[in-house]
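Working notes, beginning with the structure itself.
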Amino acid sequence: METTSTLEKTLRLLALTLVVIFFMFPIVWIFLMSFQTNETILRIPPQVIFEPTLSNYTALITGKLTSAAGTLDIAFMKNLGNSVFLSVTSVALALVLGVPAAYAFARHKFKGSEDIAFTLLSFRFAPPLLVLLPLTQYFQWLGLANTYIGLIWVYQLICLPLILWIVRGYFEDISADVEYAYRIAGHSWFATFRRIALPLAGPGIAAAGLLAFIFAWNNFVFALVLASADKQPVTVGALAFVTSSGIQYGQIAAAIVLSVTPTLALALYAQRYLVEGLSLGAVKG
Amino acid sequence: MSGAGLQIKGVDKFYGPVDYGVHAVKKLSMTIEKGEIVALLGSSGCGKTSTLRMIAGFEAVSRGQISLAGREVHTFAPVKRNVAMAFEGYSLYPPLTVRENIAFALKASRLPQNVVDEKVAYIAKLLEIEDILGRYPSSISGGQQQRASLGRALIRDADLHLLDEPMGQLEPQLRAVLRGRIKHYIKEKGLTAILVTHDQTEANALADRIAVMEGGVLQQFDTPQMIKERPANLFTGTFVGEPPMNVFDATVTVSADTAVFGLNEGVRLEYAVSDFSPAVLAELRNRKKVSLGIRPYAVRRAEGGVPAKVSVSQWLGDQTHIAADFAGGTMVLVEHDRVRLGLGDTIALKLDPHSLHVFDGETGVAVSHGPELA
Ligand SMILES: Nc1ncnc2c1ncn2[C@@H]1O[C@H](COP(=O)(O)OP(=O)(O)OP(=O)(O)O)[C@@H](O)[C@H]1O
Ligand SMILES: [Mg+2]
């Protein structure tokens with residue numbers, strides 16, 4: 001380690017602090033807003049000291065939104081549940097389908113394999129709205145409109161290419177000879193896939209899964225068009241806070257806090273796998 | 001019994017489309033008996049690893065057949081072939097310790113734990129890696145990884161052991177020690193092994209027979225002694241042997257009682273016809289141009305020989321290497337005593353007829369070794 005002067009250290013600390021404040025400010029502000037009523041939020045100039053209230057959270061959890069114009073039913077908790085359900089099942093399905101596919105694309109080059117892989121990736125290029133119009137038609141014919149199955153299916157457009165391409169890279173980074181060494185010792189290719197390839201690519205798979213989860217969670221358009229109220233995730237459900245009698249900033253803030261929590265928790269939990277994923281390069285043989 | 005060992009019949013390997021891709025192995029045929037150790041020798045990129053990988057089943061055979069222990073295995077999955085392999089790149093399994101890496105090679109044979117432990121301990125002792133058994137592959141040196149990988153191959157009871165440059169990373173002393181132990185181990189257990197190596201001493205010491213490859217073609221497959229004394233062509237002659245064989249282009253004229261080789265710069269080597277068998281003389285009469293080979297150990301300094309000017313003289317501690325300008329080229333000779341020669345000194349060289357190797361001037365195929373036909 002080179003020695004750094006005190007001045008340099010101080011400057012570095014200052015710069016870091018500024019960056020952190022810059023990025024964290026909106027989040028902290030929203031967090032603070034979620035404990036305020038609409039009146040205190042809209043007061044000018046804004047106040048940093050206020051009397052915290054849990055009313056926003058209770059409103060969300062009970063589903064009764066009281067505003068100047070009267071009470072309104074909102075299905076936030078239901079939406080949150082939908083979000084969790086849709087994201088988890090979509091990612092799970094994408095992993096089940098995508099990881100073996102990624103392995104196949106990484107290990108077995110065949111005529112056209114590159115084209116197929118690229119076609120799958122190209123799903124990500126298409127503007128979602130362009131895909132959605134015909135899709136809505138088809139789904140109506142097929143009876144898939146406004147069903148969880150239909151939504152999960154469409155979510156594969158988001159999750160599958162992501163997982164396929166990220167995980168494939170991880171598989172390609174594992175030396176094929178490590179697998180051969182295992183296969184030659186009398187193990188089938190499936191045992192090799194399960195015991196050697198999967199664990200070695202594990203951190204990469206976790207990272208890809210997390211990323212897919214975040215994308216699925218944040219998806220808005222697909223659910224907006226294809227799902228009605230009872231199947232909607234939070235991203236769409238949040239529209240309900242824009243009421244005729246004004247925008248419920250406090251509740252929106254609380255809703256944001258609640259809806260960010262699962263992703264944040266997951267990211268923090270997966271962090272160590274992500275770090276492991278980065279260090280995989282050091283041990284691949 | 002033939003069929004018990006390994007039989008390779010007319011095997012071709014193309015990377016990419018057959019007949020158009022990279023032709024890595026060409027029409028390879030060889031038979032290796034059970035219990036035999038064969039060394040695969042050849043320059044880098046000549047197809048040694050490709051050959052091993054086809055035998056192990058990691059690369060498809062483009063053409064031809066491979067049978068092992070009486071079974072045609074070239075279409076089998078690797079798991080069915082009962083072959084063990086030590087990889088050129090070690091390929092240890094990173095999340096496992098060295099001990100587990102070696103032991104997992106035995107997993108499929110479902111031995112009781114104490115037997116596995118015993119075998120691992122034995123192999124570790126043999127390869128001197130006992131003290132790193134508990135470490136992970138990423139935290140040990142290249143030579144240690146190499147021995148771990150070798151241990152993982154040797155511990156198995158396979159029909160064939162493929163060892164791809166198993167000791168390339170080790171220092172000569174350790175290599176010499178392990179060489180002896182490994183040979184003993186393989187012979188004692190009656191294993192059959194193919195060993196790829198760039199070290200000729202290793203090939204000579206370990207192998208019953210040596211296969212020399214070049215450009216994907218098997219050049220010669222014979223005992224170390226035969227390869228040294230009767231190289232099949234110019235490539236084997238110059239590739240095997242340290243320092244390499246001296247080679248000079250020559251014209252040959254056979255008359256009633258002499259055979260004369262005319263080298264560059266007017267150097268004439270004259271021999272009596274009685275120095276060669278009639279068959280050799282007949283072959284020589286058929287040719288105008290030949291390549292004349294002689295091993296550095298066989299060149300003698302003697303009165304009345306061809307004069308040559310010393311360009312290098314180096315005492316290596318146990319022998320002297322002398323290089324001298326000879327017939328427009330360089331003649332290297334080895335003497336076992338310390339010879340004091342100055343640069344530019346003139347020495348007289350004798351090439352005895354029984355140590356001459358004659359190769360065809362165009363194809364490089366051996367014509368004669370000493371007085372006998374090749
Ligand atoms: N996967 C591959 N695709 C295309 N060409 C290949 C492939 N593997 C090897 N080759 C080519 O085949 C030839 C033989 O390679 P191989 O690895 O068998 O050589 P080798 O004798 O083991 O060399 P070394 O002593 O350097 O290990 C080389 O020309 C190499 O470039
Ligand atoms: Mg090789």
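The values are calculated or read from the model by the stated rules, or taken from the named source; none is laboratory data. Just so it is clear, the structure is predicted and the values come from calculations on it, not from any experiment. Cβ placement follows ideal geometry from the backbone for every residue including glycine, while neighbour counts extend to all protein chains displayed.
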Can you name the residue in region B:159-176 that is of a type outside the set (A, V, I, L, M, F, W, C) and either more than 16 Å from ligand 2 (Cβ to nearest atom) or outside any loop (DSSP other than H, G, I, E, B) (or both) and, of all such residues, is nearest to residue B:142 (Cα to Cα)?
-> B:171
Candidates A:193, A:105, A:171 - the one that is touching a Ser or Thr at 6+ places or on another chain (Cβ under 7 Å), surrounded by 15 or more Cβ atoms within 10 Å (Cβ to Cβ) and not small (Gly, Ala, Ser) | A:105
Is it the case that some residue within region B:64-78 is more than 25 Å from the chain's Cα centre (by Cα), of a type in the set (Lys, Arg) and either part of a loop (DSSP other than H, G, I, E, B) or buried (at least 19 other Cβ atoms within 10 Å of the Cβ) (or both)?
-> no
Only one of B:71, B:53 that is more than 16 Å from ligand 2 (Cβ to nearest atom), of a type in the set (Lys, Arg) and free of Cβ contacts under 8 Å to residues at least 40 places away in the same chain | B:71
Expected output for region B:20-41 (first residue on the phi > 0 side of the Ramachandran plot, partner not aromatic (Phe, Trp, Tyr), Cβ below 7 Å, 6+ apart or cross-chain) is B:27/B:10; B:27/B:12; B:35/B:190; B:35/B:192
Here, helices (runs of 4 or more DSSP H) confined to region A:128-221 with at least 2 residues that are within 14 Å of another protein chain (Cβ to nearest Cβ) are A:148-173, A:176-184, A:189-192, A:198-218
Keeping to region B:16-69, report how many residues are of a type in the set (Lys, Arg) and touching a Phe, Trp or Tyr at 6+ places or on another chain (Cβ under 9 Å).
-> 2
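Working carefully through the options A:59, A:104, find the one that is of a type in the set (Gly, Ala, Ser) and outside the structural domain of residue A:196 (by TED's automatic domain parsing).
Working: A:104 fails: outside the structural domain of residue A:196 (by TED's automatic domain parsing).
The conditions single out A:59.
One line per residue, one yes/no per condition, for (1) assigned to a strand (DSSP E or B); (2) more than 13 Å from every other protein chain (Cβ to nearest Cβ); (3) at pLDDT 95 or above; (4) under 26 Å from the mean Cα position of the chain (by Cα):
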| site | (1), (2), (3), (4) |
| --- | --- |
| B:28 | yes, yes, yes, yes |
| B:38 | yes, yes, yes, yes |
| B:44 | no, yes, no, yes |
| B:59 | no, no, no, yes |
| B:80 | no, no, no, no |
| B:95 | no, no, no, no |
| B:102 | no, no, no, no |
| B:108 | no, no, no, no |
| B:111 | no, no, no, no |
In region B:28-49, how many are more than 20 Å from residue B:191 (Cβ to Cβ) and either surrounded by fewer than 20 Cβ atoms within 10 Å (Cβ to Cβ) or away from ligand 1 (no atom under 15 Å from the Cβ) (or both)?
-> 4
Hey, can you tell me all the residues within region B:248-280 that are buried (at least 18 other Cβ atoms within 10 Å of the Cβ) and under 32 Å from the mean Cα position of the chain (by Cα)?
-> B:248, B:250, B:252, B:261, B:263, B:269, B:276, B:280
Residue pairs meeting the criteria (Cβ under 6 Å; at least 6 apart or on separate chains; first in the same structural domain as residue A:205 (by TED's automatic domain parsing) and touching a residue at least 40 places away in the same chain (Cβ under 8 Å), in region A:171-187; second of a type in the set (A, V, I, L, M, F, W, C) and part of a loop (DSSP other than H, G, I, E, B)) = A:177/B:87
